[in-house]
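A short reminder: the numbers here are calculations on the coordinates, not readings from a lab. Keep in mind it's a predicted model, so treat the numbers as computed, not measured. Using ideal geometry, Cβ is built from the backbone for each residue, glycine included, and neighbour counts are taken over all protein chains shown.
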Amino acid sequence: MFIDKASVKVIAGDGGNGRVNFRHEKFVDRGGPDGGDGGDGGNVIMFASRNQNTLASFRYHKELLAEEGKPGDKQKKHGRSGKDLVIHIPVGTIVKNAEGVVLADFNEDQQKQIIAYGGKGGFGNAHFVSSRRQTPRVAEKGEKGEQLELYLELKVIADVGLIGMPNAGKSTLLGRVSNARPEIADYAFTTLIPNLGVIDLDNSSSLLIADVPGLIEGASDGKGLGIDFLRHVERTKVLVHLIDIYNEDVAAVYKTIQTELKGYEVDLTERPQVVVLNKIDGFDDELIQAKMKELKRVIPKGTQLFAISASSGLNVKPMFFEIKKIVDVQQAAQKEIDDQEVIPTLRLPENMNSWTIEKDENHFVVTGRKIERFAERTDFDSNHGVERLRDIMGKMGIMHQLRRMDVAPEQKISIGKPTIGSIQY
């Protein structure tokens, strides 16, 4: 089943908790702290592959979880890190978050990217040993892994996109020149999904072709198969517009499709096009020339026009050699753009140590990336853990600022929005 839109929730693994432990061995006097660190949580990684051609698997797996890190153990044993979760997706998939921001655009085979990061493992009490603190009874909790609501959209990437009215012969042409086997029948909307095929022109060159389901008047407004498949035209380098020569008014058919391409959210008429009269078997040269003359009146100047028979293969191969030249020009132009120097945007790096304090009714709320990360790793049920958080807040200057804001004894201080944890002054 071909699915080109999907939503999924990904959850990276939580980090494992650090451990509080002291050595208890025979003949070992006053064994020191030996609690190990927790392992890191697994990341969620997306991997683009040409072997995938649909997002159908996400219909039945709405929540994907990476493995959690294991907790630390005695004898300074480090917890095992969680395994990364690798999600295979088709090339051409765009990944957006809940706000619609594009997180990744997978437009190359074998491309991979971390989408959600696993939490860091917490330190065990062996980590905190120092000359001043020889018997620490504090360990950190593992950080939570990232959780994201993702929206996936597949846009087929091809060199050539075959477009046209239903029954214009797009599937027949694709089947003629490639090893693709699309469904072919004598009724409209035979093709319900985009089909891909590769045409080998010679030993060194080939073209990837996409047969886009038939368009009708109003497609850009959602009629027929609507805009669901117009998106698959976006990334093609050249559009091949097939027109059935049996249409009484071939110019009107051409204009109809151009209107739909222009009405899409991206003006697709700006894409290089080749116009093709199909099904010329049985027509004499005079009638073919008359039909081509009709089209020449409406197509932009310089647009190449061909007359072929997809079913018999007449004039097909020479046409694709010409199309390959157009594709090569487009690729060279794109490479030139990619190779141009991009002026870097300079911005001040985010200050990890910055924090703010707000007074909310009768308690204070402290926010800031660094202090919130420490709070996430704090075990608020442990007096030693809370005392360590107090020490960190003192070193960062937070306690000093609270005193300047007239904090009262035993007044509540919350960390983070939403609240990660609370302490009393």
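Numerical summary
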read-out	value
Max mean-square fluctuation residue, GNM over the chain, Cα-Cα springs under 10 Å, options ASP406, ASP285, ASP34	ASP406
Proximal lysines to LYS293, defined as alpha-carbon separation beneath 27 angstrom and excluding residues fewer than eight positions away on the same chain	LYS170, LYS237, LYS255, LYS262, LYS279, LYS301, LYS317, LYS324, LYS325
Exposure proxy order (Cβ contacts within 10 Å, fewest to most) of GLU68, GLU387, GLU248	GLU248, GLU387, GLU68
Highest average packing first - 205-212, 392-399, Cβ atoms within 10 Å	205-212, 392-399
Sequence ranges 49-55, 8-14, ranked by mean other-Cβ count within 10 angstrom, highest first	8-14, 49-55
Net charge contributed by nearby residues that have their C-beta within less than 14 Å of LYS324 (K/R +1, D/E -1)	-2
Sparse-neighbour loop sites [chymotrypsin sites (Phe, Trp or Tyr not before Pro); the stretch 1-104; at most 16 other C-beta within 10 Å; DSSP]	PHE2, PHE27, TYR60
Structure-derived mean projected area of the Cα convex hull in nm² - corresponding label in (1) 18.2; (2) 30.7; (3) 24.2	(2)
By average C-beta atoms within 10 angstrom, highest first, the peptides 172-178, 320-326, 307-313	172-178, 307-313, 320-326
Neighbour net charge for GLY118 - beta-carbon separation under 11 angstrom, K R +1, D E -1	-4
Value of relative contact order over the stretch 34-181, rounded to a whole percent, pairs C-alpha under 8 Å and six or more apart	29
The chain, relative contact order [Cα under 8 Å, separation at least 6], %	13
Antiparallel bridge percentage (DSSP; both residues within the chain; nearest 5)	55
The chain: angle of helix 383-395 to the longest principal axis, Cα-based, in degrees nearest 10	80
25 Å Cα-Cα reach of LYS9 towards lysines, excluding residues that sit fewer than 8 places from it in its own chain	LYS62, LYS70, LYS83, LYS96, LYS112, LYS120, LYS141, LYS144, LYS155, LYS417
